[in-house]
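**Q** One structure coming up, written as structure tokens, with questions to follow.
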Amino acid sequence: MPIAMITSVFLELLGIYLCCGFVFGVFFVLRGTQAAYPQTPGGTWGFKIMIFPGCAVLWPFLLGRWLKHRVPNSEKPNKNSLKIKK
């Protein structure tokens, strides 16, 4: 295999990885930060902008952590469980 072809394949895979990271980073910064890291409630826009590049690069690790700390549907309160019983 010529070096140009290897380089081309590597750059394409890197581009795909970073595109997935960009999409994941947006969702993680807006929704997943609080779920995966409860000690960071809310967070300012400055904080979210600062962590976005790291989220985009380390997205496989953060996705695993986010899914690990997700609450199953059976444990989430629904509108029927919040009714006041007399």
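None of the figures in this text is laboratory data; all of them are computed from the coordinates on show. Keep in mind that this is a model prediction, so the values were computed, not measured. Positions of Cβ are generated from backbone atoms using ideal geometry, with glycine treated the same way; all protein chains shown enter the neighbour counts.
**Q** Please report the Cα spread of segment 1-71 along all three principal axes, rounded to whole Å, starting with the longest.
**A** 51, 26, 14
**Q** Add +1 for every Lys or Arg and -1 for every Asp or Glu among the other residues with Cβ under 14 Å from the Cβ of Gln34, and state the total. Mind showing how you got there, number by number?
**A** Values: positive: Arg31, Lys48, Arg65, Arg70; negative: none.
With Lys, Arg at +1 and Asp, Glu at -1, the neighbours total +4.
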